[in-house]
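As structure tokens, the structure follows; a few thoughts come after it.
The values are calculated or read from the model by the stated rules, or taken from the named source; none is laboratory data. Owing to the predicted nature of the structure, the values given are computational and were not obtained by experimental measurement. Note: ideal-geometry Cβ built from the backbone for every residue, glycine included; neighbour counts use all protein chains shown.
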Number of protein chains: 2
Amino acid sequence: MQEAKLKIKERILMGSGPCNVHPRVLNAMSQQTIGHLDEQFAQISKEIKYMLQRIFQTKNELTLAISGSGSAGMETCMVNLLEPEDEVLICINGVFGNRLADMAERCQAKVIRVEVPMGEIIKPEHIEQALKTCQPKLITIVHAETSSGVLQPLEEIGKIAKEANILFVVDAVASFSGIEIKMDDWNIDAIYAATQKCLGAPPGMSPISFSQKAIDVILKRKTKVQSWLLDVLILKDLMTAGKRSHAYTSPVSNTYALYEALLMVMEEGLENRYERHQEMHILLEDSLKKTGFEFIVKPAYKLPFVNVIKIPKGIDDVVFRKELKQNYGIEIAGGLGKYVGKVWRIGLMGEGCREDSIQLLLNAMQSILKKCK
Amino acid sequence: MQEAKLKIKERILMGSGPCNVHPRVLNAMSQQTIGHLDEQFAQISKEIKYMLQRIFQTKNELTLAISGSGSAGMETCMVNLLEPEDEVLICINGVFGNRLADMAERCQAKVIRVEVPMGEIIKPEHIEQALKTCQPKLITIVHAETSSGVLQPLEEIGKIAKEANILFVVDAVASFSGIEIKMDDWNIDAIYAATQKCLGAPPGMSPISFSQKAIDVILKRKTKVQSWLLDVLILKDLMTAGKRSHAYTSPVSNTYALYEALLMVMEEGLENRYERHQEMHILLEDSLKKTGFEFIVKPAYKLPFVNVIKIPKGIDDVVFRKELKQNYGIEIAGGLGKYVGKVWRIGLMGEGCREDSIQLLLNAMQSILKKCK
């Protein structure tokens, strides 16, 4: 293969995503582009659908990956399910809940916020309390808030939503393929994810899935979906060989990468993959605690693949992370929202979730801290 | 690099896009993912901006590539520039004009259609006539209609729009880097393109540019842009190193590919590149005419890189194209809209626009036609 003039200096990515991509996935992506109407592409898309169904644990027919970031998936859920004047209950415990609220407002929906401080979870009683004074069409919640490192339990809230006949929409951008998701069992009606987090593919696609209940709501809309690009009734043509030309051109190379990354998840086994993310988290946590680092999130709600720790007193956030990147080639993430300058977020996602990465990081952190003191 | 299990059977892509990608671009894309907040990524994005400005021939500061297909760029123009009740004049001479109208209607704009049959161009007098009875906020037009193979002259219409103080929005999805575009000289206020046509990068990004006049219109909006994902006031943060985290995660690998493909355009030189597309078109046209093929579009408006020819009598469209793909590995496009089953569309875009591809195609077509007769 002829060499590019572009030369990227590699990094060890241990932030909140994107994470490093396995050479097999890069190799898949670098194969020659074919047409998005090619029967090979139809076959790849079909297999992707099955693998996505497996990871989301759903039987939903409308399961596919769209072009765009996780935010494209987020907006797809909002524009298809909401119409002007609809009430929507948005659970907020970090940055991405706020983004959902922003999008819902742009759909002219009436947003009811259920808000807890960053680092906390939304409890079933918060939802029950809110439902006393409103009748939302849907409830949205973020499964894994990378801004705060919180893992949100979903099962109980899914039950409440089902009983009240409210659509349940879940942000699985970061959790996808890193921790268990049971879309059907947890009564989730719409879900969206991203490729660059625990899956370890490059950013650029968003896996989504809609339940029959969600599709029925869309079919009964009084108004057209406000986005052509994200209209699921058009998007579903991306899955159908003869109708592909009715929708936009699929990102062919990203689809290769997604296929290979999903295949690697299947080869590893979902259980093993979740266990690896958990084990590596414990390894990192134990080591960091021994060094005196404090974790922000309560043990019960701690996200294994985004570890939020307090920046030690006297250490400059920006200087430390710059040194870590420049001299050790390791990227970790700083704080978002109220956490800016106060925490570091250490990601253990996909390919970055390995013992050797953790050791490299721990050694580098030790050296820099020593130097700073 | 570890080999992928995914094995793609390569094709010679001579349809309406995507087209084949140069090995240098594939090599760029296959480099390891870095964070979208990395300073290397900021530098790449900055250089991409300069190269896009060069190809669009504009000084516009708001010039960048967004995540998504050309349709994402199309919708970006519509949602940012239109508000409910706005009048918009949409020129339609093929499939993509209709898509623009659909998107504008989803913005609750009042769509006025200026329509000519597929294969024809929109003339300045069509616009002047239409302006007698409406006061649109913007006029949209497709520079290169790949559905009909028509190249639309823009300069005169740009003048009319400027004099009437109407925003001029151009679809450059197919024309980008295949034929001259003079955004500033032609008074174009918003433009969008795609990476998988004449540029020869994989699909997945859409270069866009907005004039100051367009930005002023956006800043004076009474309503919020209905899409968070495509709001240019958020998108512009993708260009600003310190603010990148406010927007979505950029498609890092596609950005590498875009960078390398743009670099190759700069190395070839814009003039040389346009000339190559023109010369190869003449070569193909001469050879096809000798074989008795008829062209649909009048010589004056013929798109060099999408050649629309009538299917000879007695030849089955689907059978012929299947044979061409299966036995010769060559993909050409069938007809769209009223042209379904009646024409073939032969693309000469980017890497596919080479003498050897043309020879392979001509020989294959001859052999299959002989066999059919």
Self-check item: Subset of the range B:41-61 that is in a loop (DSSP other than H, G, I, E, B) and under 17 Å from B:V170 (Cβ atoms) - its residue that is farthest from the other protein chains (Cβ to nearest Cβ)
Solution: B:K59
Quiz item: Here are some residues: A:E39, A:E47, A:E75. Which one is of a type in the set (D, E) and under 27 Å from A:S227 (Cβ atoms)?
Solution: A:E75
Quiz prompt | Residue tally, condition more than 7 Å from every other protein chain (Cβ to nearest Cβ), part of a loop (DSSP other than H, G, I, E, B) and surrounded by 24 or more Cβ atoms within 10 Å (Cβ to Cβ), over the range A:1-16 | solution = 1
Quiz item: Does B:P23 satisfy being within 23 Å of B:S148 (Cβ to Cβ), of a type outside the set (D, E, K, R) and within 7 Å of another protein chain (Cβ to nearest Cβ)?
Solution: no
Quiz prompt | Enumeration of residues in the range A:191-218 that are in contact with a helix residue (DSSP H, G or I) (Cβ under 8 Å, 6 or more places away or on another chain) and farther than 24 Å from A:P18 by Cβ | solution = A:F210, A:A214, A:I215, A:V217, A:I218
Quiz item: Looking at the range B:189-198, which of the residues that are in contact with a Gly (Cβ under 6 Å, 6 or more places away or on another chain) and assigned to a loop (DSSP other than H, G, I, E, B) is farthest from the other protein chains (Cβ to nearest Cβ)?
Solution: B:C198
Exercise. Answer yes if at least one residue in the range A:284-297 is crowded, with 21+ Cβ neighbours inside 10 Å and at pLDDT below 95, and no otherwise.
Key: yes
Quiz item: Among the residues of the range B:286-306, is any in contact with a strand residue (DSSP E or B) (Cβ under 6 Å, 6 or more places away or on another chain) and among the charged types (D, E, K, R)?
Solution: yes
Exercise. Please state which one of B:G329, B:G337, B:G352, B:G314 is within 11 Å of another protein chain (Cβ to nearest Cβ) and either of a type in the set (D, E) or over 22 Å from the mean Cα position of the chain (by Cα) (or both).
Key: B:G329
Exercise. For the range B:251-272, name all the residues that are more than 7 Å from chain A (Cβ to nearest Cβ) and closer than 21 Å to A:C19 by Cα.
Key: B:T255, B:A257, B:L258
Quiz prompt | Which listed residue is surrounded by fewer than 24 Cβ atoms within 10 Å (Cβ to Cβ) and closer than 26 Å to B:E10 by Cα, from A:M264, A:M205, A:M280 | solution = A:M264
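Here is a yes/no grid of residues against (1) under 20 Å from B:A300 (Cβ atoms); (2) at pLDDT 95 or above; (3) among the aliphatic types (A, V, I, L, M):
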position	(1), (2), (3)
B:A144	yes, yes, yes
B:V150	yes, yes, yes
B:K159	yes, yes, no
B:A164	no, yes, yes
B:I179	yes, yes, yes
B:N187	no, yes, no
Quiz item: If you scan the range B:355-373, which residues turn out to be in a helix (DSSP H, G or I) and more than 26 Å from the chain's Cα centre (by Cα)?
Solution: B:N363, B:A364, B:M365, B:Q366, B:S367, B:I368, B:L369, B:K370, B:K371, B:C372
Quiz item: If you check every pair at least six apart or on different chains, which have Cβ atoms under 6 Å apart with a residue in the range B:227-245 that is within 11 Å of chain A (Cβ to nearest Cβ) first and a residue that is among the basic types (K, R) second?
Solution: B:W228/A:R106
Quiz prompt | Check on A:A104, facing chain B (nearest Cβ under 9 Å), within 24 Å of A:S148 (Cβ to Cβ) and touching a strand residue (DSSP E or B) at 6+ places or on another chain (Cβ under 8 Å) | solution = no
Quiz item: Of the residues A:N272, A:N307, A:N254, which single one is closer than 24 Å to A:A172 by Cα and free of Cβ contacts under 8 Å to residues at least 60 places away in the same chain?
Solution: A:N272
Quiz prompt | Selection count where residues are more than 16 Å from A:V114 (Cα to Cα) and either part of a loop (DSSP other than H, G, I, E, B) or in contact with a Gly (Cβ under 8 Å, 6 or more places away or on another chain) (or both), scope the range A:151-186 | solution = 17
Quiz item: If you check A:D216 against the conditions, is it assigned by TED's automatic domain parsing to the domain that holds A:L62 and surrounded by fewer than 24 Cβ atoms within 10 Å (Cβ to Cβ)?
Solution: yes
Quiz item: In the list A:M103, A:M51, which residue meets the criterion of being crowded, with 24+ Cβ neighbours inside 10 Å and among the aliphatic types (A, V, I, L, M)?
Solution: A:M103
Self-check item: Any hit, the range B:233-255, residues being closer than 13 Å to B:L64 by Cβ, hydrophobic (A, V, I, L, M, F, W, C), buried (at least 21 other Cβ atoms within 10 Å of the Cβ) and at pLDDT 95 or above
Solution: no
Quiz item: B:N93: more than 12 Å from chain A (Cβ to nearest Cβ), among the polar types (S, T, N, Q) and either closer than 18 Å to A:T249 by Cβ or without any contact (Cβ under 8 Å) to a residue 60 or more places away in the chain (or both), yes or no?
Solution: yes
Quiz prompt | Pair list, Cβ < 7 Å and 6+ apart or interchain, from the range A:159-177 residues that are over 18 Å from A:L100 (Cα atoms) and β-branched (V, I, T) to residues that are surrounded by 21 or more Cβ atoms within 10 Å (Cβ to Cβ) and modelled with pLDDT of 95 or more | solution = A:I160/A:I127
